Amino acid sequence: MSQQPAIILSSLDYDRIDALLAKEKELSPVHEQLLLEMERATLLEPEQIPADVVTMHSRVRFKLKSSGKEFEKTLCYPHELAAYPDAISVFAPVGAALIGLAVGQYIDWPMPGGQSDQVEIVELVDQPERKGEYHR
């Protein structure tokens, strides 16, 4: 894997994800990779999050380098999947890759089946913090 990009997490997202992971009896490879990303992240208060950074409940357009295919999804917690018609869990392989990246950044990320791919942020369609929603 190449050098990974800097990532930014809100302290609220960090605390909520960390609490969910602490409840897991056994961590999957995706959970472990997400924890590694969280450990190296720059933490900011929700009010300080830049407008181009993917946070929880952000609607993000991204593409996978291997196929060039673009997707638009709302990043959510696993228990919220039914709340969004286009949901992707932060515990899914691609969902875990999205959190903390800014528009234009990409990350090499392990995918199911032992392959890896580059996930690139194309556009941040919606972000709660941009709208002043700091505790969502």
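Only Lys, Arg, Asp and Glu carry charge here, each on its Cβ (+1 for the first two, -1 for the last two); on that basis the chain has a dipole of about 260 debye about its Cα centre. Between residue 4 and residue 102, the contour length at 0.36 nm per residue exceeds the Cα-Cα span by 34.0 nm. Among the listed values [x] 0.96; [y] 1.21; [z] 1.03, the one computed from these coordinates for Cα Rg over 2.2 N^0.38 Å is [x].
Among beta bridges from DSSP that stay inside the chain, the antiparallel ones total about 75%.
State which entries of 25/131; 23/73; 23/69 exceed 27 angstrom in Cα-Cα distance in the structure shown. Correct reply: 25/131; 23/69.
For region 72-130, the orientation-averaged shadow of the C-alpha convex hull comes to 4.4 nm² (one quarter of the hull surface). Scan region 1-81 for trypsin sites (Lys or Arg not before Pro) in coil per DSSP, keeping those whose Cβ has at most 16 other Cβ atoms within 10 Å, and list them by number. Listed in order of number, the matching sites are 23, 25, 65, 69. Entry note, the chain: relative contact order of 29 percent, from Cα contacts under 8 Å with a spacing of 6+ residues.
For region 1-88, GluC sites (Glu not before Pro) are listed when DSSP marks them as loop and at most 15 other Cβ atoms sit within 10 Å of their Cβ; the list is 24, 26.
Throughout, read-outs are computed from the coordinates displayed, never taken from laboratory work. Every value quoted in this text rests on a predicted model; they were computed, and no experiment measured them. Neighbour counts run over all protein chains shown; Cβ positions are idealised from the backbone, glycine included.
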